[in-house]
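Engineer: Got a structure for you, questions after.
Rule-based calculations on the coordinates, nothing more; no lab input. Quantities reported herein were computed from a predicted structural model and do not represent experimental measurements. Note that each Cβ is placed from the backbone with ideal geometry, even for glycine, and that neighbours are counted across all protein chains shown.
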Amino acid sequence: METLRIYLNSLRKEQRTRYVTACGTTEGYLRKAISINQQIGADLCIALERESSGAVPCESLRPDVDWAYIRASRNVPQENALAGQFAMQGIYGDAETQSTSTEQEAA
């Protein structure tokens, strides 16, 4: 949260207004969150990082979240992700077919 406080303090008033608006929040909310060390949502963390061009990294706001895993998962090619989904559907499809066949044989 200290990184966010430093970043906000480095901006002029009009820049802060644009920043918090682009993040979908208010300066008052962020100042209160900073003052009481309130845990903020992951979506807001992402917006704060994105709109600060990385000056306020998610890791500095929510060290409890595994941001490295999230960042790595977005680098997986879409084809691999889809192939995995189709493979899982195939596995589930086979299991359903097998259980239906077994049920029919038992009847």
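Engineer: Pairs please, first residue from the range 17-43 and over 14 Å from S60 (Cβ atoms), second anywhere and among the hydrophobic types (A, V, I, L, M, F, W, C) and outside any helix (DSSP H, G or I), Cβ atoms under 8 Å, 6+ apart in sequence or on different chains.
Structural biologist: The qualifying pairs are Y19/L11.
Engineer: If E14 meets every condition in (1) surrounded by fewer than 17 Cβ atoms within 10 Å (Cβ to Cβ); (2) assigned to a helix (DSSP H, G or I); (3) touching a helix residue (DSSP H, G or I) at 6+ places or on another chain (Cβ under 6 Å) apart from one, which number is that one?
Structural biologist: Tallying (1) surrounded by fewer than 17 Cβ atoms within 10 Å (Cβ to Cβ); (2) assigned to a helix (DSSP H, G or I); (3) touching a helix residue (DSSP H, G or I) at 6+ places or on another chain (Cβ under 6 Å), E14 fails exactly one: (3).
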